[in-house]
Amino acid sequence: MSPLQAFHLFIVEDSIPVRERLVRSLEGLQGLDIVGTAEDVPAAIDGLTSSPPDALILDLQLPSGSGLQVLRAVRAHLPRMRVIVMTNFAAEPYRKAAMAAGAEVFLDKSAEFGRVRDILIEWRDEAEAGPVH
């Protein structure tokens, strides 16, 4: 990825206040472009397949199903997409299921919200540096 190319992020979160907080916390982050948001499973799958991002922030509990459905539906088509699952349902069985479906990071929304920005900065910087030879 060249320095002129943005790191693209897609957010799947049904709570408007949480989604707005995420967007606000990422505003002004140089080199990061939020390419889409979705509130439910069908819109998430459609958005991810029509505008494939570099990274995804994914809520587990959605009104029309589960974030795991989204991840399973798109993972084969987007194998390099980096995924953060953020949920209020942070019990171990949910973490294991998210990781098995292809999540890279699993965060408790109420306790670890602040980590998202740092993780995305790290991923953006890795993408800008390109592959290590």
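Read-outs throughout are calculated quantities, based only on the coordinates presented, and are distinct from any laboratory measurement. Nothing here was measured: the structure is a model prediction, and the numbers come from that model. Cβ coordinates were reconstructed from backbone atoms using ideal geometry, including for glycine residues, and neighbour counts include every protein chain displayed.
What to note about this one:
- In segment 45-66, of all residues being surrounded by 16 or more Cβ atoms within 10 Å (Cβ to Cβ) and out of contact with any helix residue (DSSP H, G or I) (no Cβ under 8 Å at 6 or more places or on another chain), the one that is farthest from LEU9 (Cα to Cα) corresponds to GLY47.
- Qualifying position, being closer than 30 Å to ALA129 by Cβ and part of a loop (DSSP other than H, G, I, E, B), among LEU107, LEU56, LEU29, LEU71: LEU29
- Options LEU71, LEU26, LEU9; residue that is within 16 Å of PHE106 (Cα to Cα) and in contact with a Leu (Cβ under 8 Å, 6 or more places away or on another chain): LEU71
- For first residues located in segment 51-69 and within 12 Å of ILE84 (Cβ to Cβ), partners that are of a type in the set (Phe, Trp, Tyr) and surrounded by fewer than 17 Cβ atoms within 10 Å (Cβ to Cβ) and lie 6+ apart or on another chain with Cβ distances below 8 Å form the pairs LEU60/PHE89.
- Among residues of segment 81-121 being within 28 Å of SER50 (Cβ to Cβ) and without any contact (Cβ under 8 Å) to a residue 12 or more places away in the chain, the one that is surrounded by the most Cβ atoms within 10 Å (Cβ to Cβ) is MET99.
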